[in-house]
Every structure is written in C-alpha cells, then in structure tokens.
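J.: Below is a structure I'd like to ask you about.
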Amino acid sequence: MDQETIRLIITATAALLAGWGGSGLTAYINRRNTTDTLAASERSRNEQWDRTESREHEVWVRDQKQQAYADFVLEADKAVSDARSMWKGGLDESSVNISGARMRIRMVGSPVLRTVAWEVEQALKKLLEYSRPEVDQYGIPRQRSGSYEEHSFLALEVEALLQDFVAKSRRDLGTASPGDSSVRDGVGIQADEDED
C-alpha cells in the first residue's frame, strides 16, 4: 500500500469514528434532555395536583364552616322565637337543638367562634329557662316571678351575642364587608345594604 492509500484509510477511519462519536454524543444529549423534560413535566403535574387537592380541601372546609355557622344561627333564631312565644303565654314546645349545632362549630370553627357560640348557647339557655311558663303538677300556669324588662334584657343580650357571632363568622369565611364590626369591638354591628 502506498502512502496515499494509508492516509486515506486513516482519514476515513477517523471520520467514521468522529461520526459515530458525534451521533453517540447527540443521542446521549437528546436522551438526557428528554429525561429532564419528562421529570420536570412530572414535577409540574404533581405540584398542580397538590394545589388542586389543597384548594378543593379548602373549599370543602369553608363549605362545612358556612353550613355549621348557618345552622347555628338558624337554631339560635328559632330558640329566641320560642322564648318570645313562651313568654307571651305559648306552650313550651321548644325543639331547639342549639347544643348539636354548637358541636359542629366545635369541629370546624375557629377558637374565637367556638367561644362566642358557647356564650350564645349559655345566654339562650338562660333566656329559654326564664321564658318557660311555670306550671303546677296539673299544668295550670302559675304567676311569673320575672319581669318583662329582665326578659327583654336577656333577649337583647342573646341578639347582641348573635350579631357578634355573625360578624366574626363572616370574617372567618372571608365574606365580611367594610361596614361589619363586632359588638365587642365597641362599634356595634352595621347592617349591609343588601341585608334586612
């Protein structure tokens, strides 16, 4: 073999090896890029799943709180209505389950709302007991020992506590408007324009 042929064979071999090396390197880089892209996509999908799951849980908790707060206020309003009816001489037909409604608040409510709900329950029990007609063993009403002023004071105390509960529950749910304030804040509750 002459020199020229050997040089051509060496050049061809070097070119062939460079081509294989270059294609191998390109394949490695492409595989690495694909793996990194798939891993990033998986991380992104997992993060999105976690955010969606977290958001759904937050919505579920908020719905549970809203239902618990609404049930409590409805039971409390019914108790106040029953107390007024009993005070006016109606029968003791109170079927209020304020304790059950408060138990739901103990499960999902904030510590502040649990405290206010307990205070509302205690004031309602006092109002209902004060309003309950006193009867003898034959069911004949006796003369009331309490005054209308004291009954009114108890009813106003319950209403103030309920307004405080509603204001704080609106804050907890994120539905408070700038005009809302708690009775305990010293300002009193201001009704929204859209509420009666």
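The values are calculated or read from the model by the stated rules, or taken from the named source; none is laboratory data. Just so it is clear, the model here is predicted, and its values are computed rather than measured. With ideal geometry, Cβ positions are generated from the backbone for all residues, glycine too; neighbour counts draw on all protein chains shown. Just so you know, the surface numbers come from the protein's heavy atoms only, side chains and all, with ligands and any DNA or RNA stripped out. Shrake-Rupley method; radii C 1.70, N 1.55, O 1.52, S 1.80 Å.
J.: Kindly indicate the residue of the range 119-144 that is surrounded by 13 or more Cβ atoms within 10 Å (Cβ to Cβ) and outside any helix (DSSP H, G or I) and also modelled with the lowest pLDDT among those meeting that condition.
T.: Filtering the range 119-144 for residues that are surrounded by 13 or more Cβ atoms within 10 Å (Cβ to Cβ) and outside any helix (DSSP H, G or I), the one modelled with the lowest pLDDT comes out as 144.
J.: Follow-up. May I ask you to list the residues in the range 51-71 that are farther than 16 Å from residue 102 by Cα and aliphatic (A, V, I, L, M)?
T.: Once the filter is applied, which keeps residues that are farther than 16 Å from residue 102 by Cα and aliphatic (A, V, I, L, M), the range 51-71 yields 59, 61.
J.: For residue 62, are the conditions met, namely being charged (D, E, K, R) and at pLDDT below 85?
T.: No; evaluated as a whole, the condition is false for this residue.
J.: Go through (1) open to solvent by 70 Å² or more (accessible area, probe 1.4 Å); (2) within 24 Å of the chain's Cα centre (by Cα) and name the single condition residue 64 misses.
T.: Answer for residue 64: the failing condition is (1).
J.: If you go through the range 57-76 one residue at a time, do you hit one that is aliphatic (A, V, I, L, M), within 17 Å of residue 154 (Cβ to Cβ) and out of contact with any His (no Cβ under 9 Å at 6 or more places or on another chain)?
T.: Yes: the range 57-76 contains one or more residues that are aliphatic (A, V, I, L, M), within 17 Å of residue 154 (Cβ to Cβ) and out of contact with any His (no Cβ under 9 Å at 6 or more places or on another chain).
J.: Continuing with this model, one more query. List every residue pair whose Cβ atoms lie under 7 Å apart, where the two residues are 6 or more positions apart in sequence or sit on different chains, the first residue falls within the range 55-67 and is in contact (Cβ under 8 Å) with a residue 12 or more places away in the chain, and the second residue, located anywhere, is in a helix (DSSP H, G or I) and of a type in the set (Val, Ile, Thr).
T.: Pairs found: 61/108; 64/108; 65/108.
J.: Another question, then. Any residue at all in the range 49-61 that is under 25 Å from the mean Cα position of the chain (by Cα), surrounded by 10 or more Cβ atoms within 10 Å (Cβ to Cβ) and aromatic (Phe, Trp, Tyr)?
T.: Yes: one or more hits.
J.: Within the range 145-172, track down each residue that is without any contact (Cβ under 8 Å) to a residue 24 or more places away in the chain, open to solvent by less than 60 Å² (accessible area, probe 1.4 Å) and assigned to a helix (DSSP H, G or I).
T.: 152, 160, 167, 170
J.: Assess whether residue 114 counts as being surrounded by fewer than 14 Cβ atoms within 10 Å (Cβ to Cβ), touching a helix residue (DSSP H, G or I) at 6+ places or on another chain (Cβ under 7 Å) and modelled with pLDDT of 85 or more.
T.: Criteria not met by residue 114.
J.: Any residue at all in the range 72-90 that is of a type in the set (Lys, Arg) and more than 30 Å from residue 116 (Cβ to Cβ)?
T.: No, that holds for no residue.
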